[in-house]
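*Asks:* Before anything else, here's the structure in question.
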Amino acid sequence: MSYRIIIPARIGSTRLPNKPLKDIAGKTLIERVVDQAKKTTAKSIHVATDSEEIMDHCNEINVEALLTSSDHKTGSDRLFESCDILKLLDQELIINIQGDEPFIDPKDIENLAQLAEKENANTVTLYTNLESNELENNDVVKLWLDSNIVKDFSRYGDHLPRKDAKKHIGVYGYRVNFLQKFIKWRQSENEIKRNLEQMRVMDNGGKIYAIESSGKYHIGVDTESDLKLATEIALDLE
C-alpha cells in the first residue's frame, strides 16, 4: 500500500486570519497537522500553500512545501496543482488532510489508504457519529451510507432518515487521474445548492467510499473559540 499526503494551507481566512500559523500550546496549527502526518507510512508529505510565510515556516519544521496559486477557487484545484508540480503518476493515491485538523488520527489516514486499495476506489472519506447537538447544526455536514458507499451528503439532518445520519469528516483520498477529471467537471447543481464540493463526484456518477474514524477528536479550527478548544485539548494530551 503506497500513498502520499498533501496538506493544503491557505494564509487567507476571513474568520481566523493567518490560521495555519496560529499557536496551539507551543506549536503552530500546521505543525500539529504535519506531526500527525509524520506518524503514518506515507511515501511523502507536502504542504500546499499560497504563502511565502508558510513556506518559510515549513522549512523550519522540516516538511516540504509547494507554492501554489492564490487564485484557486477550491481545495481540490490546489490539490491537483500540487500533484502536477510533483509529476505524480495517474494511479497514485493522495490523502488530502485539511490544514486545520490538528488531531487527525494517523490510523484514520492508514485506514483510508487501505480502503482505497481494497475497493480500488477513486475517492474515499471518513465519518463518525453525530453528537446530540450536531444533528440540527447546519455547519456540520452529514452523510448517509449504503454499506461503505455514501448514499448522500447534506447539511440538514432530516435530508434522509435522521437515525441513519453520520458526521462527515472532510479528509479525502483521491487517485491522481480521477482528481484530474474532477477539476475539469463543471460545478453541479447539487454542489452549488448545498455548498458541498463532493456532490460533484456523485452528480457525475462517481462512488465515494467511507470508513468510520477511530480518532477521538474531530476538530477543524476555524474560529477563535475552536482555537481555544484545540489549545485545551493539546495541553491535556501533554
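The values are calculated or read from the model by the stated rules, or taken from the named source; none is laboratory data. These figures come from a predicted structure and were not determined experimentally. When we count neighbours, we look across all protein chains shown, and the Cβ atoms used for this are built from the backbone with ideal geometry, even at glycine.
*Asks:* When the stretch 102-122 is examined, which residues are found to be within 30 Å of residue 231 (Cα to Cα) and either in contact with a Leu (Cβ under 7 Å, 6 or more places away or on another chain) or at pLDDT below 95 (or both)?
*Replies:* Those that are within 30 Å of residue 231 (Cα to Cα) and either in contact with a Leu (Cβ under 7 Å, 6 or more places away or on another chain) or at pLDDT below 95 (or both): 102, 108, 112, 113.
*Asks:* Step by step: first the residues of the stretch 199-233, then only those that are of a type in the set (Gly, Ala, Ser) and touching a Leu at 6+ places or on another chain (Cβ under 7 Å), then the one that is farthest from residue 151 (Cα to Cα). Which residue is that?
*Replies:* Taking the candidates together, the pick is 213.
*Asks:* Hey, another quick one. Checking the structure you have, find out if any residue of the stretch 206-216 is over 18 Å from the mean Cα position of the chain (by Cα), closer than 20 Å to residue 123 by Cβ, assigned to a loop (DSSP other than H, G, I, E, B) and modelled with pLDDT of 95 or more.
*Replies:* Within the stretch 206-216, one or more residues are over 18 Å from the mean Cα position of the chain (by Cα), closer than 20 Å to residue 123 by Cβ, assigned to a loop (DSSP other than H, G, I, E, B) and modelled with pLDDT of 95 or more.
*Asks:* Can you tell me how many residues in the stretch 52-74 are within 19 Å of residue 197 (Cα to Cα) and surrounded by 18 or more Cβ atoms within 10 Å (Cβ to Cβ)?
*Replies:* 1
*Asks:* Give just the number: which of (1) out of contact with any helix residue (DSSP H, G or I) (no Cβ under 6 Å at 6 or more places or on another chain); (2) among the aliphatic types (A, V, I, L, M); (3) part of a loop (DSSP other than H, G, I, E, B) does residue 94 not satisfy?
*Replies:* Evaluating residue 94 over (1) out of contact with any helix residue (DSSP H, G or I) (no Cβ under 6 Å at 6 or more places or on another chain); (2) among the aliphatic types (A, V, I, L, M); (3) part of a loop (DSSP other than H, G, I, E, B) leaves (3) as the failure.
*Asks:* Search the stretch 184-200 for residues that are on the phi < 0 side of the Ramachandran plot and assigned to a helix (DSSP H, G or I) and pair each with any residue that is among the hydroxyl-bearing types (Ser, Thr, Tyr) and surrounded by 13 or more Cβ atoms within 10 Å (Cβ to Cβ) when their beta-carbon atoms are under 8 Å apart and the residues are at least 6 apart or on different chains.
*Replies:* Between residues of the stretch 184-200 that are on the phi < 0 side of the Ramachandran plot and assigned to a helix (DSSP H, G or I) and residues that are among the hydroxyl-bearing types (Ser, Thr, Tyr) and surrounded by 13 or more Cβ atoms within 10 Å (Cβ to Cβ), the close pairs are 194/154; 199/188; 200/188.
*Asks:* Looking only at the stretch 118-155, which residues are among the small types (Gly, Ala, Ser), closer than 16 Å to residue 201 by Cα and not in a strand (DSSP E or B)?
*Replies:* The answer is 121, and nothing else.
*Asks:* Restricting to the stretch 17-51, what's the tally of residues that are surrounded by 20 or more Cβ atoms within 10 Å (Cβ to Cβ) and among the small types (Gly, Ala, Ser)?
*Replies:* Summing the residues that are surrounded by 20 or more Cβ atoms within 10 Å (Cβ to Cβ) and among the small types (Gly, Ala, Ser) in the stretch 17-51 gives 4.
*Asks:* Separate question: Cβ-Cβ below 6 Å, separation at least six or inter-chain, first residue in the stretch 115-139 and closer than 23 Å to residue 93 by Cα and in contact (Cβ under 8 Å) with a residue 40 or more places away in the chain, second of a type in the set (S, T, N, Q) and surrounded by 13 or more Cβ atoms within 10 Å (Cβ to Cβ): which pairs?
*Replies:* Every condition considered, the pairs that remain are 126/213; 128/213.
*Asks:* Let me ask you something else. Taking interchain pairs and intrachain pairs at least six residues apart, which have beta carbon atoms under 8 angstrom, with the first residue in the stretch 223-237 and part of a loop (DSSP other than H, G, I, E, B) and the second surrounded by 11 or more Cβ atoms within 10 Å (Cβ to Cβ)?
*Replies:* 223/16
*Asks:* Among the residues of the stretch 123-141, is any more than 13 Å from the chain's Cα centre (by Cα), within 24 Å of residue 184 (Cα to Cα) and buried (at least 16 other Cβ atoms within 10 Å of the Cβ)?
*Replies:* No - not one qualifying residue is present in the stretch 123-141.
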